[in-house]
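So the structure is just underneath, and the comments pick up after that.
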Amino acid sequence: MTMRMAGLLLLLAGCAAAPAPAPESHAAEVAACAAAVAAHVGKDVGAVSATWTGTTGTGLGLVTVTDAQGAGGERVHTCEVDGAGRVRAIRHTGA
């Protein structure tokens, strides 16, 4: 194996081993989405559950928020949030 190929393999191995961002690093985005969806559905923010789910192709954060709807089950919304914690979009499941 050449030195160049060995270096490339080490580089690729380092990329694969890179840790995912810790969930707490997205706490502001999660909180902003939870508050926006709670206001959207007319509930207290404590009545919804928000989870960081990743990023869009344009770099916005994706947060999934679930709220109990009563006898009908749960509603799920997805927010797109920028790095400053501003909610750019709220989408309903299936919309």
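Calculated on the Cα set of segment 26-76, radius of gyration then Dmax: 11.4, 37 Å.
Here the Karplus relation 6.51 cos²θ - 1.76 cosθ + 1.60, evaluated at θ = phi - 60°, turns the backbone of segment 58-67 into coupling constants of 9, x, 6, x, 10, 10, 9, 10, 10, 10 Hz, with x for every Gly and Pro. A straight chain from Arg86 to Ala39 at 0.36 nm per residue would run longer than the Cα-Cα distance by 15.5 nm.
Were the residues from Gln69 through Ser49 laid out at 0.36 nm apart, the gain over their Cα-Cα distance would be 6.0 nm.
Quick note: the coordinates plus some simple rules give every number you see, no bench work behind them. Bear in mind the structure is a predicted one, so any value in this text is a computation, not a measurement.
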